1. Considering only DSSP states other than H, G, I, E and B, which trypsin sites (Lys or Arg not before Pro) in the stretch B:20-49 qualify as loop sites with at most 10 other Cβ atoms within 10 Å?
2. State the answer as a single residue: which of A:A277, A:L222, A:I109 lies farthest towards the positive end of the charge dipole of chain A, with beta carbon charges of +1 for Lys and Arg and -1 for Asp and Glu, about the Cα centre.
3. Could you tell me what percent of the DSSP beta bridges with both partners in chain A are antiparallel, to the nearest 5?
4. Which one, A:T146, A:I194, A:Y70, projects farthest toward the positive side of the charge dipole computed for the protein assembly as shown from Cβ point charges (K/R +1, D/E -1)?
5. Karplus couplings for the stretch A:126-141 from phi (6.51 cos²θ - 1.76 cosθ + 1.60, θ = phi - 60°), rounded to Hz, Gly and Pro as x?
6. Given H placed on each backbone N at 1.01 Å, which residues far from A:I209 in sequence or on other chains put an amide H within less than 5 Å of it?
7. Enter the angle in degrees (range 0 to 90, nearest 10) between the Cα long axis of helix A:268-280 and the first principal axis of the Cα atoms of chain A, meaning the one along which they spread out most.
8. Report ³J(HN,Hα) in whole Hz for each residue of the stretch A:155-161, in order, from the Karplus equation J = 6.51 cos²θ - 1.76 cosθ + 1.60 where θ = phi - 60°; Gly and Pro get x.
Amino acid sequence: MKKPAAAAPEMPHPMEELLRMDRIPHIWCPTCGLGTVVTAFAAALETLELPLDDVAVVSGIGCTGRVAGYIKVDSFHTTHGRAIPFATGLHLTNPKLKTVVISGDGDLISIGGNHFIHAARRNVDITVICVNNFTYAMTGGQVAPTTPLGANASTMPYGNYERPFNIPYLAESSGAVYVARWSALHVRRLTTAIAEALEKPGFSVVEVISPCSTLYSRRNRLGTGLDLMKFYHDNCVIKHGAPTRELDIGFQEEITVGKFVDLERPTYVDAMNKWYAGVFGDDYEPYEGAVK
Amino acid sequence: MPKDLPAAPDSTKSKYWRKPLDADKVKIPHGELHILTARCKGCMFCVEYCPRGVLEMSEDFNAKGYHYPVAENDPACVNCRLCEMLCPEFAIFCLAVEEEDAVDDS
């Protein structure tokens, strides 16, 4: 019988420095892609060599909402859909903090959809990592605003007939300055995208297509998360700079991934300082945060 | 016409039949795999996507009742760390073997 390689006393995993180990093992199902996204986020922090005290993670509710509880940086597990308002408040209080929202499609685009478009419109300097698994996974596989046409969900037992959101198009048309989409299989490109999004001043969005084995995949007879990873491997087409209006995702159809939007626009705080400096002249002291 | 032309490469053996100019200087990195078997939930991402085919699934089970990966072909590991990046359970990682200890493939 084959023995494991590490017969010697087990060494700690390098990720353990960034995880709250008292909460591990996590609750995510076998073959879920969320652990991979967390690793990619950690790798992005490592590439940027950011001090962990300067990073804050905000999550909403849902499977992805658990990320805030597992990552050992200052983190905030908020009410359903309200991750972006909390993150906006956090950012405005201390604009030097790298505020990152890691949450799911149902949390950010459905329940928090209004907050998403207005934070993008104002160009608040936060990074949004939206993990899209095409369903509400924690609550039982209900139809989400990203569920592809024709896919089965527990509230759409004969297939979904609602037109889904195209997240990059929504983000770009609302005013996001950085929009990228990768799957959980493209870990290295995802790491680069998260690092670029963190560096970008303004509202940056990274959509991550992630397998949900227990609900989306099982209800649609798509096999395990590994089968979905193989599907991404065979059907993801990289098109950098593709027009976002063409990025709709059909049920088990080709998925366009890449970096679509990367532009410069004054952030919310910069725009406010510039405007007030024009109105009040030298009397105005530029706002640099309430935390000194 | 020069006489001592090299023999035509056998393209069936390797796709990379042109020898790189610095082939004698480059050392292939090697990695040492560490697998925390108790954490594994048997998703097989590492086994499926290891570019060197180092890993395979075990026949026995861990305490959770899953098959876990074993390093079947450890010397082939080039420390690319793709398994470490893909693992959703933080259960596998790779450490570089120091240069002087590295096995020279040439």
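Every number here is computed from the coordinates shown, using simple stated rules; none is lab data. This is a predicted model, so every value here is computed, not measured. Because the Cβ atoms are built from the backbone with ideal geometry, glycine has one as well, and the counts that use them run over all protein chains shown.
1. On the way: sites: B:K25, B:K27, B:R39, B:K41; in loops: B:K25, B:K27, B:K41.
Listed in order of number, the matching sites are B:K25.
2. Highest projection toward the positive end goes to A:L222.
3. Details: 7 of 35 bridges.
Among the beta bridges of chain A, antiparallel pairing accounts for roughly 20 percent.
4. A:T146
5. 10, 10, 10, 9, 9, 8, 9, 10, 6, 7, 8, 7, 6, 9, x, x
6. Residues meeting the criterion, in which the H sits 1.01 Å from N, are A:N132, A:W182, A:S183, A:A184.
7. The angle comes out at about 10 degrees.
8. Here the 3J(HN,Hα) series is 9, 10, x, 9, x, 7, 10 Hz.
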